[in-house]
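Shown next, in structure tokens, is the structure this report addresses.
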Amino acid sequence: MKVKQISVFLENKKGRLKKAVHALAKANINIRALSIADTSEFGILRLMVPDPELAKKVLEENNFVVKLNDVIAVEVPDRPGGLDKILGILTRADMNVEYIYAFVEKKSEKAIVVIRTEDIDEGIKVLKEANVPLLSSEDISTL
Amino acid sequence: MDEEKRKEIQLKRLQDTVKRAYENVPYYHRRFNELGIEPEDIEGLEDIKKLPFTTKQDLREAYPFGMFAVPDEDIIEVHTSSGTTGKPTVSGYTQKDIDLWSEVMARALTMAGAGRRDRIQNCYGYGLFTGGLGVHYGAQRIGATVIPISAGNTKRQIEIMQDFGTTILTCTPSYALYLAEVLQKENVKMDNLKLKAGVFGAEMWTEEMRDAIEERLGLTALNIYGLTEIIGPGVAMECQEKNGLHIFEDHFYPEIIDPETLKNLPPGKKGELVLTTLTREAMPIIRFRTRDITTLRKGECPCGRTLIRMDRITGRSDDMLKIRGVIVFPSQIEEALLKINGLEPHYQIVVTRPKYLDELEVQVEASPALFSDEVKHVEEVKKMIEEHLQREIGLRVNVTLVEPESLPRSEGKAIRVIDKRKF
Ligand SMILES: [Zn+2]
């Protein structure tokens, strides 16, 4: 099960992150999870939001370059070793992980881990076979 | 004509020009006095280096008739050169000047193969602009049939071209391409056309454009050069060899200078073209800085002419950047960027000198086609652009991706370049 993530190009300049987040706030879009990949010259802001299409539109209207892409979201128990288990599965299957980030969901007391493997379909297959619970887009939007 | 003989004529004419300018044009009189030189100081051609330059601004300040060297009653025609800023510059002609202009334009058209039986469709604008009348005078001097259709009304151009059996087309290269496009749209058969040559100028163009025009119009596309300040079109013209433009140096004396140091450069070196009129009567012009960047080539051309050749104009010295000694034009960078798919043509060039070496940074706006969620991929795109630019302009470049709409939109070239170097 793939879920949609939005990625935003950020210049390495003061106030750029704030501008993106502010645009979403003004459109009443609740950010579920966020991560930033930073290089010396630019940054990539990655977001999980309930309605990725809407968020993309809002950001583009504010002159951001935005991409929608697939990632895998899994639920892990919010306790030591949860993430380790997932990574173990992927490593054993020789999966290349491009990036990974996690956030804790208060209601269920579980951690949600967002994973971008080089090959998304293969990553899903491997995790499914290991009986890891995958989240759907609906799950994300109702979090 | 052998070189010695030509140099002799050039020197005699230069001395005459300098004398007339000094005696009759207050501007030159003042400039010569300031520099402490007199016409008699010009004893050889190389003494031209002692003379002051004339810039477009100098001509503008003399607006309208301050550069004329003859009494009003001897002027029989005027033309102007439009400027992007301020007043235009004026060029005045005596009967002898019009004869000279007709002569050099007749030479140019003959080089394109024009003879008495040819029909020359002249789509350069008639009026204050020199293009239209320049070709007109040359065509009449040859005895060819000139079709003075002037610019515009493309439908009519195409109709006339077929009905009259036009053999030679004269216009700007971009208009030639536009004509070709319309011809294709209107499904005009190539058999209906009798075009054999085109004389194209009045703007910068490229070899790629030449190929496209030749293929689509089925003619030989030749490059003509000139400028109103000097006379109009007819300063230089390409022969059928297409390996540079022969400068009619018996009337116009060319030099190449480094636009920064203003020192003369030898043939084979790229720099700014400087022209001195040798026979103009109404308006002798000494060392006019054309701002056009080219290279002079000596030696006999396969066509048999010994007249010095100049390369096609590749840029303007106002836009020129010298980075680590290499001459680069924003237009080169723009051309290179446009070859990359998905890249927005918005860019800015930043030149810095962090220590001793110049650094060239090209800022490019990120676009969905260049962007991805992975750092690795975006860095690859950046590297790809850098390598592409390095191949095209021969310099190492740092490419920085910036957010869309963050670069200034084109309002002239100046804004494209930020030079932070301290000289
Ligand atoms: Zn030749």
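Quick note: the coordinates plus some simple rules give every number you see, no bench work behind them. Note that the structure is a prediction, hence the values are computed from the model and not measured. Cβ: placed from backbone, ideal geometry, glycine included. Neighbour counts: every protein chain shown.
Provide the net charge surrounding residue B:93, with neighbours chosen by a C-beta distance below 10 Å and charges set as Lys +1, Arg +1, Asp -1, Glu -1.
Result for the neighbourhood of residue B:93: -3.
Looking at chain A, I'd like the Rg to Rh ratio, where Rg is from alpha-carbon atoms and Rh is Kirkwood's inverse mean 1/r.
0.98
Counting alpha carbon pairs within less than 8 Å and at least 6 residues apart, what relative contact order, in whole percent, applies to the range B:22-178?
18 percent
Over chain B, what is the relative contact order in whole percent, taking alpha-carbon pairs under 8 Å and six or more residues apart?
Computed over chain B, the figure is 12 percent.
How large is the direction-averaged shadow of the alpha-carbon convex hull of the range B:1-125, in nm²?
Dividing the Cα hull surface by four gives the mean projection, 10.5 nm².
Over chain A, what is the relative contact order in whole percent, taking alpha-carbon pairs under 8 Å and six or more residues apart?
29 percent
Please list, or write none, the aspartates and glutamates whose alpha carbon is within less than 17 Å of the alpha carbon of residue B:189, excluding same-chain residues fewer than 8 places away.
Cross-link targets: B:159, B:163, B:181, B:214, B:215.
Please state the equivalent ellipsoid semi-axes for the protein assembly as shown: what are the square roots of 5 times the Cα gyration tensor eigenvalues, largest first, in whole Å?
64, 28, 20
In Å, what Rg and Dmax follow from the Cα atoms of the range A:98-143?
11.4, 31
In the range B:222-326, what is the volume of the convex hull around the alpha carbon atoms, normalised per residue and reported in Å³?
100 Å³
Among the aspartates and glutamates, which have Cα under 14 Å from the Cα of residue B:5 when same-chain residues fewer than 8 positions away are ignored?
The qualifying aspartates and glutamates are B:249, B:250.
Between the range B:149-194 and the range B:299-327, what is the C-alpha centre distance in whole Å?
That distance is 31 Å.
When the scattering of the range A:2-68 is computed by the Debye formula from its Cα atoms alone, each counted once and equally, what is log10 I(q)/I(0) at q = 0.26 Å⁻¹?
For the requested q values the scattering log ratios are -1.23.
In this model, which of B:56/B:196; A:26/B:376; A:14/A:56; A:110/B:383 are farther than 30 Å apart at the alpha-carbon?
Cα-Cα > 30 Å for B:56/B:196; A:26/B:376; A:110/B:383; rest within.
Using the Kirkwood radius built from alpha carbon pairs, what does the Stokes-Einstein equation give as D for the range B:90-318 at 4 °C and 1.567 mPa s, in µm² per second?
D, rounded to a whole number, is 73 µm²/s.
In deg cm²/dmol and to the nearest 500, what is the mean residue ellipticity at 222 nm of chain B if only DSSP H runs of at least 4 residues count, each as -39500 (n - 2.57), divided by the residue total?
-9500 deg cm²/dmol
Taking the number of other C-beta atoms within 10 Å as the exposure measure, put B:205, B:101 in order starting with the fewest.
So the ranking, lowest neighbour count to highest, is B:205, B:101.
Straight distance only, please: which lysines reach the Cα of residue B:7 with their own Cα at less than 19 Å, same-chain residues fewer than 8 apart left out?
B:19, B:49, B:50, B:298
Size of the dipole of the protein assembly as shown about the Cα centre, Lys and Arg at +1 and Asp and Glu at -1 on the beta carbon, nothing else charged, in debye to 20?
Roughly 500 debye, rounded to the nearest 20.
Can I get the semi-axes of the range A:50-121's equivalent ellipsoid? Compute them from the C-alpha gyration tensor as square roots of 5 times the eigenvalues, in angstrom, largest first.
27, 18, 8
Percent of Cα-Cα pairs more than 28 Å apart in chain B, please.
55 percent
Hey, what angle do you get for helix A:52-61 against the long axis of chain A, alpha-carbon based, 0 to 90 degrees rounded to 10?
In chain A, helix A:52-61 runs at an angle near 30 degrees to the longest axis.
Given the convex hull of the Cα atoms of the range B:309-401, what is a quarter of its surface area in nm²?
Seen from a random direction, the Cα hull of the range B:309-401 projects 7.1 nm² on average.
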